[in-house]
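> Quick one: structure below, then a few questions.
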Amino acid sequence: MRLLEVARQRLGYYLLLYLSLPLNAYYIWHMKFGVVIFPGSNCDQDVIQVLERVSHQPVARLWHKDHNLQDSDFIVLPGGFSYGDYLRSGAIARFSPIMQEVIAYANKGGYVMGICNGFQILTEAGLLPGALLRNVDQKFICKNVYIRPETKNLLPTTLLDTSKAYQIPIAHGEGRFYADAATLQTLQDQDQVMFRYCDANGNITDDTNCNGSLINIAGISNQSRNVFGMMPHPERAADPDLGNTDGIAIFESLLEAVPV
């Protein structure tokens, strides 16, 4: 009987604790991520593992031929070479069945993030402004670089330090961000520039611009601030066994999202 009474007391305590939580706290703990998998994706499992580790929730695998987002709250388009990068990087993936649902979800305010090839797909789909062109030296680049968050007013940078340089790997041949002058000005005026390439001390110079992107842009958001894209791979800098965990804070920032 004594054990039963203790169990009842503990149950009551946890019920009160649960009911006292703010709605957004409950939502954060139960956020469901979905990762889109295209033919040629090669970073999907890396992203899934990191998201499951930080969210403590299973991550939905969203196949390119499907039309079901599986009730995901946050959609991630991973890196790789979707459809072999034929025509242009992301040009074919943009028309896949799952992207019809991703576009509709984003247009309703749903959260979407593209990493590397995912960023390219989002620009092709018109969910992000600008384009990703061939690197200025016309070569594929695979190395560690430094990026600096330009704002804390975008979800992926919520928990980041804007005075700090984060070491994040890149691996792309078409990562040179380009936009016309008016679009570029809007990105800056509306605080949509998420990351810029820099040195280890956070200094932004021409020498730190690894691919020739305009004003060293490494990541941006849309005007509604619910769609994000970045060329560097934070999922490759999120494991102590790899000797670099600078990318973890980006994924942890995503948990600050509120229901849409």
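> Under 14 Å from the mean Cα position of the chain (by Cα), buried (at least 23 other Cβ atoms within 10 Å of the Cβ) and within 21 Å of MET31 (Cα to Cα): is that true of GLY79 in this structure?
So GLY79 fails the test.
> Here is a list of conditions, (1) buried (at least 24 other Cβ atoms within 10 Å of the Cβ); (2) without any contact (Cβ under 8 Å) to a residue 40 or more places away in the chain, and ALA104 meets all of them except one; can you say which number that is?
It is condition (1) that ALA104 fails.
> Got at least one residue in segment 171-186 being of a type in the set (S, T, N, Q) and in a loop (DSSP other than H, G, I, E, B)?
no
> Something else now. Within segment 223-255, which residues are assigned to a loop (DSSP other than H, G, I, E, B), touching a Ser or Thr at 6+ places or on another chain (Cβ under 9 Å) and closer than 17 Å to GLY175 by Cβ?
Passing the criteria: only MET231.
> Follow-up. Among the residues of segment 161-212, which ones are polar (S, T, N, Q), farther than 22 Å from GLY90 by Cα and buried (at least 17 other Cβ atoms within 10 Å of the Cβ)?
THR208, ASN209
> Could you tell me which of the residues ALA125, ALA104 is touching a Lys or Arg at 6+ places or on another chain (Cβ under 8 Å), more than 12 Å from GLY219 (Cα to Cα) and hydrophobic (A, V, I, L, M, F, W, C)?
ALA125 is the lone residue from the list that is touching a Lys or Arg at 6+ places or on another chain (Cβ under 8 Å), more than 12 Å from GLY219 (Cα to Cα) and hydrophobic (A, V, I, L, M, F, W, C).
> Determine which member of the set LEU128, LEU122, LEU132 is crowded, with 23+ Cβ neighbours inside 10 Å and assigned to a helix (DSSP H, G or I).
LEU122
> Determine whether segment 176-183 contains at least one residue that is of a type in the set (Lys, Arg), modelled with pLDDT of 95 or more and under 24 Å from GLN45 (Cα atoms).
No, that holds for no residue.
> Residues in segment 192-209: is at least one part of a loop (DSSP other than H, G, I, E, B) and within 19 Å of the chain's Cα centre (by Cα)?
yes
> Is segment 75-95 home to any residue that is among the polar types (S, T, N, Q), in contact with a Phe, Trp or Tyr (Cβ under 7 Å, 6 or more places away or on another chain) and over 24 Å from GLN185 (Cα atoms)?
Yes, some residue in segment 75-95 is among the polar types (S, T, N, Q), in contact with a Phe, Trp or Tyr (Cβ under 7 Å, 6 or more places away or on another chain) and over 24 Å from GLN185 (Cα atoms).
> Moving on. Go through segment 215-228 residue by residue and tally those that are more than 18 Å from ALA104 (Cβ to Cβ) and surrounded by 24 or more Cβ atoms within 10 Å (Cβ to Cβ).
Total satisfying the criteria: 5.
> Can we say PRO58 is exposed (fewer than 15 other Cβ atoms within 10 Å of the Cβ) and farther than 30 Å from PHE140 by Cα?
yes
The values are calculated or read from the model by the stated rules, or taken from the named source; none is laboratory data. In this text the structure is predicted, and so the values were computed from the model without any measurement. Every residue, glycine among them, receives a Cβ derived from its backbone with ideal geometry; neighbour counts consider all protein chains shown.
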